[in-house]
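Everything below concerns the one structure shown next.
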Amino acid sequence: MDVRRRTQAERSAATHAALVAAARTLFAERGYAAVGTPEIAHAAGVTRGAMYHQFADKAALFAAVAEAVEADVTRRLTEGVIAAAPSDPIATLHAAVDAWFDACEDPEVRRVLLLDAPVVLGWEGFRDLAQAYGLGLTEQLLQAAIDAGRLPALATTPFAHVLLGALHEAVLFVTAEPGARAETARVLHALVDGLNGSAASRP
């Protein structure tokens, strides 16, 4: 009995993963609106009935895809910061900004997270997803800089919310104006440096 239940669970998990993988590829290539559920089911090698057993509708499947892409972006940010080998907490924040811009140049990230997610998930859903994955990491980076005396001793949660808002607005701007990446990144670096300067000037 236990073996049968495990087998059913494994099959369900495999179907779920196949649908997310197929939808992720299709959504990234053509966008949410241009992809239909029959095409997703066919690409995943499952029936539409099996798909609707896993997901209530196409929007629910998109939400799972968006979460998978967001998780990958967070992983890439962490790896990018580590690879940059920053020498201090402010350099770490600079590296995180650059890694964020690098990740958002990926066509999949741009299409799924920046263009489609705010529309399909709604602004609140999009915001909740971004914060679920990015908020903790941002708070950690800010707290390290605060502890080192490199940033003002502000509450990290609202601090992180404000910084995340700036980061998302920045990449949305660059998505519309691709040639503006370098200047926009300089603006964000200047904001971080300005906060660092304000901490250094405090008595």
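The values are calculated or read from the model by the stated rules, or taken from the named source; none is laboratory data. Just so it is clear, the structure is predicted and the values come from calculations on it, not from any experiment. Note that each Cβ is placed from the backbone with ideal geometry, even for glycine, and that neighbours are counted across all protein chains shown. Areas reflect the complete protein model, heavy atoms only, side chains present, ligands, DNA and RNA absent. Shrake-Rupley method; radii C 1.70, N 1.55, O 1.52, S 1.80 Å.
Observations
- 3J(HN,Hα) along the range 76-86, derived from phi through the Karplus expression 6.51 cos²θ - 1.76 cosθ + 1.60 where θ = phi - 60°, amounts to 5, 4, 4, 5, x, 5, 4, 5, 6, 6, x Hz, with x in place of Gly and Pro.
- Dimensionless Rg ratio for the range 37-140, taking C-alpha atoms and the 2.2 N^0.38 Å reference: 1.28
- When the Cα positions of Ala155, Ala170, Leu114 are compared along the charge dipole of the range 59-203, Ala155 comes out farthest toward the positive end, with charges on each C-beta of Lys, Arg, Asp and Glu.
- Between Leu172 and Tyr52, the distance separating the two model label sites (each 7 Å from Cα on the Cα→Cβ line) works out to 3.4 nm.
- Carbon plus sulfur fraction of accessible area for the chain, probe 1.4 Å, in percent: 58
- Each of Thr25, Thr47, Pro86 was placed along the dipole of the range 1-140 (beta-carbon charges, centred on the mean Cα), and the one lying farthest toward the positive end is Thr47.
- Extension gain (nm, one decimal) between Ala153 and Gln8, 0.36 nm per residue minus Cα-Cα: 47.0 nm
- Each Lys and Arg contributes +1 and each Asp and Glu -1, all at the Cβ; summed about the Cα centre of the range 86-149, the dipole is approximately 140 debye.
- Based on the convex hull around the alpha carbon atoms, the chain presents an average projected area of 14.0 nm².
- Computed [θ] at 222 nm, deg cm²/dmol, the chain (DSSP H ≥ 4; -39,500 (n - 2.57); rounded to nearest 500): -26000 deg cm²/dmol
- Stretch gain in nm, segment Arg75-Val162, where the contour uses 0.36 nm per residue and the Cα spacing is subtracted: 29.2 nm
- Debye, to nearest 20: dipole size of the chain, +1 on Lys, Arg Cβ, -1 on Asp, Glu Cβ: 540
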